[in-house]
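Derivation of every value follows stated rules applied to the coordinates shown; laboratory data play no part. This is a predicted model, so every value here is computed, not measured. Here the Cβ is made from the backbone with ideal geometry for all residues, glycine too, and neighbour counts use every protein chain on show.
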Amino acid sequence: MAVLTITKDNFKTEVVESDKPVLLDFWASWCAPCMMQSPIVDELAEEHPELKVGKVNVDEQPQLAAAFGVESIPTLVIIKDGITKEVLVGLHRKEQILEQFN
């Protein structure tokens with residue numbers, strides 16, 4: 001499944017109302033660790049169709065970043081049934097991210 005661009009306009013439909021667990025990647029183009037995390041997030045989207053994966057650009061979506069209390073990026077947020085289950089701050093390996101879904 002392709003990675004979705006999440007905005008305040010599509011957040012409710014794509015994330016809150018999702019029938020799949022959601023992985024949100026909060027990032028910015030100027031953030032070097034974010035650029036390292038991005039291909040890992042892309043791989044997860046391709047390899048795990050049971051997940052919905054979205055990216056939130058914190059510069060373009062400051063309301064969403066604020067709503068999740070994002071202070072450092074990259075921040076990964078795992079949401080199940082519209083509820084935040086886990087927040088991972090910093091760069092993480094694919095295995096570390098997948099463990100959070102178990």
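Just a few scattered comments:
- Here's the list of lysines a cross-link from residue 8 could span, going by alpha-carbon distance under 16 Å and ignoring same-chain residues fewer than 8 apart: 55.
- Bins of 10 Å, starting at 0 and running to the largest distance - Cα pair percent for the range 4-99: 17, 57, 26, 0
- Per DSSP, loop trypsin sites (Lys or Arg not before Pro) in the range 65-102 with at most 13 further Cβ within 10 Å: 93
- Each of residue 99 and residue 32 was given a label point 7 Å from its Cα along the Cα-to-Cβ line. The distance between the two points is 2.6 nm.
- By the count of other C-beta atoms within 10 Å, a proxy for reagent exposure, 50, 14 are ordered fewest to most as 50, 14.
- Summed side-chain charge close to residue 92 - residues other than residue 92 whose Cβ falls under 13 Å, Lys, Arg +1, Asp, Glu -1: -3
- Loop-located chymotrypsin sites (Phe, Trp or Tyr not before Pro) in the range 27-102 (DSSP state other than H, G, I, E, B) with a sparse environment of at most 11 neighbouring Cβ atoms within 10 Å: 30.
- Each Lys or Arg adds one and each Asp or Glu takes one away; over the other residues whose Cβ falls under 9 Å from the Cβ of residue 38, this sums to -1.
- Global form of the range 62-102, assessed from the alpha-carbon gyration tensor, a/c cut-off 1.5: oblate
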